[in-house]
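Notes follow once the structure below has been shown.
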Amino acid sequence: MDNTFFETKNLHRFFGGLHAVNNVSVKVPQGQIKAVIGPNGAGKTTFFNLIAGTLWPQEGEILFRGKKITAQKPHVVAGLGIARTFQTTRLFGQMTILENIMVGRHLRMRSGFLACMLNLPQTWSQDRESKARALAILRDFGLLECAHETASNLPFGRQRLVEIARSLATEPALLLLDEPAAGLNIYETKELAELILKIRDQGITCLVVEHDMSLVMNISDEVIVLDQGVKIAEGPPRTIQRDPEVIRIYLGDDHAQNIES
Amino acid sequence: MGFRKYIPVIVTALMVVGLQIVLSLTGATYYLTQITMSAYYALVVIGLCLLMGYAGQVSLGHAGFFAIGGYTSAVLTTCNLIAYRDNSLIAWCGSLGLVTQWTDIYGKDILSFSPWAALAAALLLTSLIAVLIGVSIIHLKGHYLAMATLGFGLIIYRIVLGAQIFGQADGISNVPPFGLFDGLQVNGRLPFRTQNYYIAWVMVITTMMLAINLIDSHIGRALRSIHQNEEAAHSLGVNTYRCKLFTFVLSALIAAAGGIFLTHYNGSIGPSEVTVMKSIRYVAIVAVGGMANLWGALFMGILLNFLSLRGVFGSYDDAVFGAILIGIMLLAPQGLLRKPDFRAVLSFLSKRSHG
Ligand SMILES: Nc1ncnc2c1ncn2[C@@H]1O[C@H](COP(=O)(O)OP(=O)(O)OP(=O)(O)O)[C@@H](O)[C@H]1O
Ligand SMILES: [Mg+2]
């Protein structure tokens with residue numbers, strides 16, 4: 001058996017004539033933080049969508065704990081232990097923070113429509129447990145005091161935090177974070193770095209799309225570079241930082257030659 | 001936890017009893033008939049509120065489900081099988097209590113399916129049709145779903161109007177009363193007026209309890225999350241398709257139940273119950289009720305249907321509901337009776353009284 005924790009094999013995704021993800025193969029060992037970087041429109045979000053089941057690849061395979069999970073619906077992928085956040089936060093705006101987190105516990109709830117309508121004892125004991133777990137998560141995130149606030153009333157930085165907390169509530173083994181630092185200030189970004197490391201230390205493997213280079217270099221064990229849908233480089237952050245191809249993409253041709261000479 | 005959510009249930013029950021006492025003391029018991037009918041219409045509204053307000057799925061075809069319930073029940077309880085009395089299949093149904101013999105108002109002997117059997121068949125048929133329709137259209141969004149359900153409503157209307165078995169433009173009359181338990185029966189005749197007022201309200205309050213429990217559970221949260229951001233809900237493991245489909249079927253069943261009971265209560269059902277205007281009326285009532293507000297929907301469902309049945313809107317009946325819908329969409333697209341607004345009003349009042 002192939003015991004790579006998570007792996008994509010020759011993934012392809014087209015949008016009409018646009019080859020948004022082109023033959024991307026990636027291996028992610030368990031317990032790593034792997035960053036995915038690349039210029040705007042490189043196909044990073046599309047790559048995440050393929051993994052999460054939001055989009056299906058036209059070609060290629062996705063393997064998770066040795067099992068094929070290609071072209072599964074998002075809720076199935078979530079059930080297998082892959083959670084995600086979105087590039088632009090997608091909280092349930094009219095619900096409270098606590099309720100947002102509790103939706104993250106949905107997978108652990110066992111009662112169906114009928115049991116819920118009849119409010120059977122098992123339903124409310126499960127519900128109570130789910131609430132307790134959600135509150136514990138909020139406490140960990142320092143969000144307890146705004147548990148009963150409506151999500152859309154929260155400042156932006158906190159909304160990002162809630163979204164991460166919500167995805168952790170599903171108890172994932174692999175977490176996909178799409179530009180978690182976008183829109184955060186320096187302090188918030190620093191806290192975010194610590195948070196991601198803490199999540200990794202809990203044994204959760206992280207795949208992070210990020211534009212903030214210092215964040216990427218600080219926390220990631222390995223980096224993948226995508227450009228126009230193609231994986232052009234992969235390796236530890238220090239190597240990637242010096243890769244002339246990567247520098248050329250990010251800073252332009254002139255800069256790359258200057259560094260090389 | 002959460003016994004507070006039943007307080008409005010108790011308050012409603014007390015108000016229902018109070019109203020009945022007041023009306024009987026003032027000798028105005030004739031109102032009870034229209035309140036009873038309004039209560040059955042309100043059932044449809046409650047079901048639609050779950051679907052529209054919470055799951056965010058619009059349906060312009062709920063009069064169709066009401067009709068499937070009512071007409072199935074009417075056909076099965078009025079078809080006369082007396083000629084086949086000796087048929088072994090009919091005899092077997094009789095031994096199971098599925099068919100009963102009764103005498104209609106003209107003194108004719110009728111052997112037809114019992115109301116309980118008809119109810120079971122009607123609900124079964126409704127679920128079947130709702131699942132078939134739901135499976136094919138529930139993935140549609142917004143206008144497309146509205147159009148598809150509208151189409152469904154129109155088809156049912158045309159079938160009812162065209163088919164001999166449904167009495168065409170005349171509908172079906174002479175539907176027998178529905179004997180629930182000994183003594184209790186769904187019956188529109190005068191001696192049964194008060195009894196039926198309570199039967200209808202027990203139905204409404206029971207449905208409200210079930211709906212409130214559902215909304216309060218993880219499935220209710222899942223429904224609201226789908227309404228607010230379907231992709232996020234899906235990625236958290238919510239089976240959005242199944243949740244929407246189940247809610248669709250559930251709300252269709254509630255509408256059908258309303259149709260079944262009202263048909264036995266009125267002793268008849270006609271094509272006017274199946275028009276698109278009826279479906280639009282239900283949508284308008286959910287909208288004034290505040291969309292995601294079960295109590296608002298119930299309150300408006302009783303009030304507006306009662307006024308309509310009293311003839312307050314005269315020949316502008318349908319126009320009034322059309323106008324209500326336009327007004328809501330223009331002025332308060334989130335619905336009129338909304339909880340945040342109530343809270344805002346309450347806090348405003350409490351500030352004023354303190355300051
Ligand atoms: N659903 C879609 N339909 C059509 N084209 C799409 C779709 N999603 C993405 N694209 C296109 O695919 C390409 C890759 O987009 P993607 O969002 O994956 O890039 P990205 O690397 O996440 O960029 P950014 O850093 O700006 O978020 C872009 O050209 C985009 O316009
Ligand atoms: Mg992106």
Revision key, fill the gap. Rounded to whole angstroms and listed largest first, the alpha-carbon spread of the stretch A:152-226 along its three principal axes comes to 36, 27, 22
Revision key, fill the gap. Plugging the Cβ-Cβ distance of A:Leu18 and A:Gln241 into 1/(1 + (r/R0)^6) at R0 = 35 Å yields, to the nearest 0.05, a FRET efficiency of 0.75
Review point. In debye, nearest 20: dipole of chain B around its Cα centre with unit charges on the Cβ of K, R (+) and D, E (-)?
Key: 1020 debye
Point to revise | Per-peptide average of other Cβ atoms within 10 Å, ordering B:222-235, B:110-123 highest first | key: B:222-235, B:110-123
Exercise for review: Starting from the stretch B:114-199, pick out the trypsin sites (Lys or Arg not before Pro) whose DSSP state is loop and whose Cβ has at most 16 other Cβ atoms within 10 Å.
Suggested key: B:Lys141, B:Arg189
**Study point:** Cβ-derived FRET efficiency at R0 30 Å, B:Val312 paired with B:Leu190, nearest 0.05
**Key:** 0.80
Practice item. Measure nothing fancy, just the Cα-based angle from helix B:339-354's long axis to the longest principal axis of chain B, in degrees from 0 to 90, nearest 10. Key: 50 degrees
Review point. Any idea what % of Cα-Cα pairs in chain B are farther than 30 Å?
Key: 39 percent
Study note, to complete from the structure: Of the candidates A:Ser111, A:Ala42, A:Thr70, the farthest towards the positive dipole end of the stretch A:32-146 (Lys/Arg Cβ +1, Asp/Glu Cβ -1, centred on the Cα centre) is A:Thr70
Check your understanding: By how many nm would the segment from A:Tyr187 to A:Glu59 lengthen if fully extended, with 0.36 nm per residue of separation less the alpha-carbon distance?
Key -> 41.9 nm
Point to revise | Volume of the Cα convex hull of the stretch B:1-130, divided per residue and given in Å³ | key: 194 Å³
Check your understanding: For A:101-113, what's the mean count of beta carbons from other chains sitting within 10 Å of each residue's beta carbon?
Key -> 5
Check your understanding: For the stretch A:1-79, what log10 I(q)/I(0) values come out of the Debye formula at q = 0.13, 0.14, 0.20, 0.25 1/Å, with one point per alpha carbon and no solvent?
Key -> -0.38, -0.44, -0.90, -1.32
Practice item. Express in nm, to one decimal, how much length is gained between B:Phe3 and B:Gln334 on full extension, taking 0.36 nm for each residue of separation and deducting their alpha carbon distance. Key: 116.4 nm
**Study point:** Distance between the stretch B:120-175 and the stretch A:1-75 - C-alpha centres, whole angstrom
**Key:** 43 Å
Check your understanding: Can you give the calculated 222 nm mean residue ellipticity of chain A, where each DSSP H run of n ≥ 4 adds -39,500 (n - 2.57) and the sum is split over every residue, rounded to the nearest 500 deg cm²/dmol?
Key -> -12000 deg cm²/dmol
Study note, to complete from the structure: Extension length gain for B:Leu14 and B:Ser95 (0.36 nm per residue less Cα distance), in nm, is 25.0 nm
Practice item. Scan the stretch A:121-185 for GluC sites (Glu not before Pro) in coil per DSSP, keeping those whose Cβ has at most 16 other Cβ atoms within 10 Å, and list them by number. Key: A:Glu149
Review point. What is the order of A:Asp201, A:Asp140, A:Asp212, fewest Cβ neighbours within 10 Å to most?
Key: A:Asp201, A:Asp140, A:Asp212
Review point. Across the residues of A:121-130, average count of Cβ atoms on other protein chains within 10 Å?
Key: 2
Study note, to complete from the structure: In whole Hz, the Karplus estimates of ³J(HN,Hα) for the stretch B:45-53 (6.51, -1.76, 1.60; θ = phi - 60°; x where Gly or Pro) are 5, 4, x, 5, 5, 4, 6, 7, x
**Study point:** Cβ-based exposure ranking for B:Lys5, A:Lys231, in which fewest neighbours within 10 Å come first
**Key:** B:Lys5, A:Lys231
Exercise for review: Grab the eigenvalues of the alpha-carbon gyration tensor for chain A, scale each by 5, take roots, and send me the semi-axes largest first in whole angstrom.
Suggested key: 34, 22, 16
Review point. How large is the dipole of the stretch A:114-180 about the Cα centre if only Lys and Arg carry +1 and Asp and Glu carry -1, each at its Cβ, rounded to the nearest 20 debye?
Key: 180 debye
Study note, to complete from the structure: Partner shielding of B:276-289, as the mean number of partner chain Cβ atoms within 10 Å, equals 0
Study note, to complete from the structure: FRET efficiency (A:Arg110, A:Ser25; Cβ distance; R0 25 Å; to 0.05) is 0.10
Check your understanding: Counting pairs of alpha carbon atoms under 8 Å apart in space and at least six apart in sequence, what relative contact order in percent does chain A give?
Key -> 26 percent
Study note, to complete from the structure: Here the relative contact order (percent) of the stretch B:127-214, from C-alpha pairs under 8 Å and at least 6 apart, is 9 percent
Check your understanding: Roughly how many nanometres apart are two label points built 7 Å out from the Cα toward the Cβ at B:Asp109 and B:Asn80?
Key -> 1.2 nm
**Study point:** Inter-centroid distance (Cα atoms) of the stretch B:8-43 relative to the stretch A:198-225, Å
**Key:** 64 Å
Exercise for review: Provide the percentage of antiparallel DSSP beta bridges, counting only those with both residues in the protein assembly as shown; round to the nearest 5.
Suggested key: 65 percent
Review point. Under the Karplus relation 6.51 cos²θ - 1.76 cosθ + 1.60, θ = phi - 60°, what is the ordered set of whole-Hz ³J(HN,Hα) values for the stretch B:27-40, x standing for Gly and Pro?
Key: x, 9, 5, 4, 4, 4, 4, 5, 5, 4, 5, 4, 4, 5
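Where a number appears in this text, it was derived from the coordinates with a stated rule and is not lab data. What you see is a predicted model, and the numbers here were worked out from it, not measured in a lab. Please note: Cβ atoms are built from the backbone with ideal geometry, for glycine as well, and neighbour counts cover all protein chains shown.
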